[in-house]
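K.L.:
I am attaching a structure below and will ask some questions about it afterwards.
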Protein chains: 2
Amino acid sequence: MELNRVYNFSAGPSMLPVEVLEKAQKEFVVYKDSGMSVMEMSHRSKDYEEIIFGAEKTLRELMNVPDNYSILFLQGGGSTQFAMVPLNLMNKNKKADYVKTGQWAKKAIEEAQKYGTVNIVASSEDKMYSYIPKLDPATFSKDADYFYMTLNNTIYGTHIPDSKIPDTNGIPVVGDMSSNILAEKYDISKFGLIFAGAQKNLGPAGLTIAIVRNDLMGNAMDITPTMLKYDIHAKNQSLYNTPPTYSIYFAGLVFDWVKKMGGVEAMEKINKEKAAILYDFLDNSKLFKGTVVKEDRSLMNVPFVLPTEELNQKFIAEAKAKGFVNLKGHRTVGGMRASIYNAMPVEGVKALVEFMGKFEVENK
Amino acid sequence: MELNRVYNFSAGPSMLPVEVLEKAQKEFVVYKDSGMSVMEMSHRSKDYEEIIFGAEKTLRELMNVPDNYSILFLQGGGSTQFAMVPLNLMNKNKKADYVKTGQWAKKAIEEAQKYGTVNIVASSEDKMYSYIPKLDPATFSKDADYFYMTLNNTIYGTHIPDSKIPDTNGIPVVGDMSSNILAEKYDISKFGLIFAGAQKNLGPAGLTIAIVRNDLMGNAMDITPTMLKYDIHAKNQSLYNTPPTYSIYFAGLVFDWVKKMGGVEAMEKINKEKAAILYDFLDNSKLFKGTVVKEDRSLMNVPFVLPTEELNQKFIAEAKAKGFVNLKGHRTVGGMRASIYNAMPVEGVKALVEFMGKFEVENK
């Protein structure tokens, strides 16, 4: 860690790889021999086409995206996807199955209910979303237009790994991958559509990635705004209108960095190592306690609590003074949350755990 | 101009003030004493709130925005506004008046027609949008929910200055200010709503500004996606979900720069000076010719042609070699277009005109 940088455990926007930031800084005012900043480039220029199509190509390679899927660079975050998904896919029986594993799933459900019938096939609301409910295909709708799930729950710290994606008998699976894209491996061919806001593992807020199976596009409801139609963006290679050009450039640099690190498989290995350091500490601590059942623990977001609110506050304040920032938990869970996305180095987690150990000794 | 920078006449994304780029570059990896890049900041953090609320305050001051208007930082560009405007404002008689002055007005009309009745009160389509049609209040609908106009036509190089905003007898005027926001003065109180994509005069693509009179919000159609409701963003001070945080920061730096330059009035004066240099040359040239009627000429986008397509191509190529880039005109107008937004210095226009003079001598 550089002297003047902190370890930033923010849930998003969050830490970015420092070497990527430094590269972008270097070419910020003048990009290569273009005579201008990437921010000043026409999105229709040769220089910029190299950037956007290059980013798309690297992401396709990293996620092993099959040829019959389009990669789209969109705007509006996950919250816009909550509407785009039903507007575009609820087009046969106006019905969809949703798994309710947290606040983002809840928001997605509420938005979809504007446009059709939502069947909640499983929920963990009874225990404040501290586990992933059992997914039993026998309870799924036979005539749903799609099956929706949040793959990593940023707030509650649970995830559904690739091995637990259920067999939906051909019904397209939609996955919100906002907080674990490029951080653990998924087989894209199991999905009809995945989406992710960029601000956790990919780059600046304001860019949203969607990966959509081509046969699912082109049948949006008539009321769908043009900008909210997947097929419009697919046909125009994300250049229907001016895309968030700089954010795409920056995400492209992050894709290059992930590739250099060894790809998604290597990132997942490091992320498992980081998570294990933190969870092992929590499991052995007499003071700190994790809030999620063991088998459903997220690799990205680790919520934990101390015995009293006073201790929580004390911990957060002392941690901040030592350069471990944004550890305050979400208001619905309380306590603390350490978000340890791809860009958080192993040393950051080790340093945090060391600090937690000291805090435990001093406060037992 | 720095040695390795070009004069960039792109219609958008376009030139940014070099001193703003240099300031952003300096604090790119670590912002002040935050220990992180602005890109890595939680949008709920104190540091970031200072940035976004500071930007809002400066913009309010620069545009003299009355207290009963909200300034919103949105995503999706003008193309998303084409849907948001009818979805939010076509809520009484499902009817609106539109002025058709170019391709963007046309797209806005097509989008609004999905949601209600559009009355085209005036059009300049007959002469390839090379003038602003006469606006006669006697022809306006008495029961329109709003009256829509594009204030500067980026492609065709026309504009409707503040002095020509018609009296609509209380019907809210909606203005697309995408290519001349902060570049010429408008009295916001004449409008119900204005919007602008950032990528011409404000900053990076991916940020859209909307300024909306408060009484017009809160009655969107039921089918409106939550993210496309103005009131949701107003109530949450543009923090309903993660906004495009870095782009807002950068736009804030541009607002500070405009303020330092003397505000919108001073910018307009410089822009008139720049435009006059170019138009005077065109009016006196025997080879180059402007394509727009004198009284409707834009201060921002100056289209012009040479007598043959061969000469157009030759000019564009030779200009590029001299560091005057992105002068190719829109495919529907042909020839050339020089976009001279706020960040284009007077010297850039003078240098271009000097080059055009030489080209004329060599090719007469």
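K.L.:
Restricting to region B:173-213, count the residues that are more than 26 Å from A:ALA205 (Cβ to Cβ) and touching a helix residue (DSSP H, G or I) at 6+ places or on another chain (Cβ under 7 Å). Please lay out each step first, then the result.
P.N.:
Of the residues in region B:173-213, the ones more than 26 Å from A:ALA205 (Cβ to Cβ) are B:173-175, B:180, B:183-192, B:213.
Narrowing further to those that are touching a helix residue (DSSP H, G or I) at 6+ places or on another chain (Cβ under 7 Å): B:173-174, B:183-187, B:192.
Counting residues in region B:173-213 that are more than 26 Å from A:ALA205 (Cβ to Cβ) and touching a helix residue (DSSP H, G or I) at 6+ places or on another chain (Cβ under 7 Å) gives 8.
K.L.:
Next question, about the same structure. When A:ILE277 is evaluated against the numbered criteria (1) over 17 Å from A:MET39 (Cβ atoms); (2) in a helix (DSSP H, G or I); (3) out of contact with any helix residue (DSSP H, G or I) (no Cβ under 7 Å at 6 or more places or on another chain), which criterion, by number, is the only one it fails?
P.N.:
The failed condition is (3).
K.L.:
(1) of a type in the set (D, E, K, R); (2) closer than 18 Å to B:ASP283 by Cα; (3) within 14 Å of chain A (Cβ to nearest Cβ): which one isn't true of B:ASP296, the others all being true?
P.N.:
Condition (3) is where B:ASP296 drops out.
K.L.:
Has region B:24-43 got any residue that is within 10 Å of chain A (Cβ to nearest Cβ), more than 30 Å from B:THR224 (Cβ to Cβ), surrounded by fewer than 23 Cβ atoms within 10 Å (Cβ to Cβ) and among the aliphatic types (A, V, I, L, M)?
P.N.:
Looking for residues that are within 10 Å of chain A (Cβ to nearest Cβ), more than 30 Å from B:THR224 (Cβ to Cβ), surrounded by fewer than 23 Cβ atoms within 10 Å (Cβ to Cβ) and among the aliphatic types (A, V, I, L, M), one finds at least one in region B:24-43, hence yes.
K.L.:
Okay, moving on. Mind checking which residues of region B:1-10 are more than 7 Å from chain A (Cβ to nearest Cβ) and surrounded by 15 or more Cβ atoms within 10 Å (Cβ to Cβ)? Walk me through how you get there before you give the answer.
P.N.:
Just the residues of region B:1-10 that are more than 7 Å from chain A (Cβ to nearest Cβ), to begin with: B:1-3, B:7, B:9.
Of everything in region B:1-10, those that are more than 7 Å from chain A (Cβ to nearest Cβ) and surrounded by 15 or more Cβ atoms within 10 Å (Cβ to Cβ) turn out to be B:TYR7, B:PHE9.
K.L.:
Select, from A:SER70, A:SER123, the only residue that is modelled with pLDDT of 95 or more, open to solvent by 10 Å² or more (accessible area, probe 1.4 Å) and under 17 Å from A:LEU193 (Cα atoms).
P.N.:
On the way: A:SER123 fails: under 17 Å from A:LEU193 (Cα atoms).
Going through A:SER70, A:SER123 in turn, the sole match is A:SER70.
K.L.:
Is it true that B:SER247 is in a loop (DSSP other than H, G, I, E, B) and either away from chain A (no Cβ under 14 Å) or crowded, with 21+ Cβ neighbours inside 10 Å (or both)? Walk me through how you get there before you give the answer.
P.N.:
Numbers: in a loop (DSSP other than H, G, I, E, B): no; either away from chain A (no Cβ under 14 Å) or crowded, with 21+ Cβ neighbours inside 10 Å (or both): yes.
In short, no.
K.L.:
Follow-up question, since we're still on this one. Within region B:280-313, track down each residue that is open to solvent by 80 Å² or more (accessible area, probe 1.4 Å) and assigned to a helix (DSSP H, G or I). Walk me through how you get there before you give the answer.
P.N.:
Applying the first criterion (open to solvent by 80 Å² or more (accessible area, probe 1.4 Å)) to region B:280-313 yields B:280, B:284, B:286, B:289, B:294-295, B:307, B:309-310, B:313.
Result: B:ASP280, B:ASN284, B:LYS294, B:GLU295, B:GLU309, B:GLU310, B:GLN313.
K.L.:
Out of all the residues in region A:272-291, is one or more of a type outside the set (D, E, K, R) and closer than 30 Å to B:LEU207 by Cβ?
P.N.:
no
K.L.:
Out of (1) of a type in the set (A, V, I, L, M, F, W, C); (2) within 14 Å of chain A (Cβ to nearest Cβ); (3) farther than 22 Å from B:MET15 by Cβ, what's the single condition that is false for B:MET217?
P.N.:
(2)
K.L.:
Please go through region A:94-108 and give me each residue that is open to solvent by 10 Å² or more (accessible area, probe 1.4 Å) and over 17 Å from A:GLY157 (Cβ atoms), ordered by number. Don't jump to the end; show me each part of the working.
P.N.:
Pass one, region A:94-108, residues open to solvent by 10 Å² or more (accessible area, probe 1.4 Å): A:94-95, A:100, A:103-104, A:106-107.
Residues satisfying the conditions are A:LYS94, A:LYS95, A:LYS107.
K.L.:
Which one of the conditions (1) at pLDDT 95 or above; (2) on the phi < 0 side of the Ramachandran plot; (3) within 14 Å of another protein chain (Cβ to nearest Cβ) does B:THR308 fail to meet, given that it meets all the rest?
P.N.:
(3)
K.L.:
So which of B:ALA321, B:ALA275 ends up being within 25 Å of A:ARG44 (Cβ to Cβ) and under 24 Å from the mean Cα position of the chain (by Cα)?
P.N.:
B:ALA275
K.L.:
Tell me, yes or no, whether region A:205-227 has at least one residue that is over 21 Å from B:LYS229 (Cβ atoms) and among the hydroxyl-bearing types (Ser, Thr, Tyr).
P.N.:
Going residue by residue through region A:205-227, those that are over 21 Å from B:LYS229 (Cβ atoms) are A:207, A:209-219.
Remaining after also requiring among the hydroxyl-bearing types (Ser, Thr, Tyr): none.
No, that holds for no residue.
K.L.:
Tell me, which helices (runs of 4 or more DSSP H) lie completely within region A:1-114 with 2 or more residues that are within 18 Å of the chain's Cα centre (by Cα)? Can you show your working first?
P.N.:
Values: elements: A:18-26, A:46-62, A:77-89, A:103-112.
Result: A:46-62, A:77-89, A:103-112.
K.L.:
Looking at (1) open to solvent by less than 20 Å² (accessible area, probe 1.4 Å); (2) closer than 30 Å to A:SER34 by Cα; (3) touching a residue at least 60 places away in the same chain (Cβ under 8 Å), which one does B:TYR48 not meet, given that it meets all the others?
P.N.:
(2)
K.L.:
Same structure, new question: Looking at region B:317-329, which of its residues are open to solvent by 30 Å² or more (accessible area, probe 1.4 Å) and either on the phi > 0 side of the Ramachandran plot or out of contact with any helix residue (DSSP H, G or I) (no Cβ under 7 Å at 6 or more places or on another chain) (or both)? Don't jump to the end; show me each part of the working.
P.N.:
Restricting attention to region B:317-329, the residues satisfying the condition of being open to solvent by 30 Å² or more (accessible area, probe 1.4 Å) are B:317-318, B:320-322, B:326, B:328.
B:ALA317, B:LYS320, B:ALA321, B:ASN326 - these are the residues of region B:317-329 that are open to solvent by 30 Å² or more (accessible area, probe 1.4 Å) and either on the phi > 0 side of the Ramachandran plot or out of contact with any helix residue (DSSP H, G or I) (no Cβ under 7 Å at 6 or more places or on another chain) (or both).
K.L.:
Next up: Determine which single condition B:LEU151 fails, assuming it passes every other condition in (1) within 16 Å of B:SER14 (Cα to Cα); (2) out of contact with any Lys or Arg (no Cβ under 8 Å at 6 or more places or on another chain).
P.N.:
Only one criterion in (1) within 16 Å of B:SER14 (Cα to Cα); (2) out of contact with any Lys or Arg (no Cβ under 8 Å at 6 or more places or on another chain) is unmet by B:LEU151, namely (1).
K.L.:
When you scan region A:232-244, how many residues do you find that are open to solvent by 10 Å² or more (accessible area, probe 1.4 Å) and facing chain B (nearest Cβ under 10 Å)?
P.N.:
Within region A:232-244, residues that are open to solvent by 10 Å² or more (accessible area, probe 1.4 Å) and facing chain B (nearest Cβ under 10 Å) number 4.
K.L.:
Which one of A:LEU89, A:LEU62 is more than 26 Å from A:MET336 (Cβ to Cβ), aliphatic (A, V, I, L, M), more than 9 Å from every other protein chain (Cβ to nearest Cβ) and surrounded by fewer than 20 Cβ atoms within 10 Å (Cβ to Cβ)?
P.N.:
Details: A:LEU89 fails: surrounded by fewer than 20 Cβ atoms within 10 Å (Cβ to Cβ).
Every option except A:LEU62 fails the conditions.
The values are calculated or read from the model by the stated rules, or taken from the named source; none is laboratory data. On a predicted model such as this, the values are computed, not experimentally measured, just so you know. Every residue, glycine among them, receives a Cβ derived from its backbone with ideal geometry; neighbour counts consider all protein chains shown. Accessible surface is based on the protein model in full, side chains and every heavy atom, while ligands, DNA and RNA are left aside. Shrake-Rupley method; radii C 1.70, N 1.55, O 1.52, S 1.80 Å.
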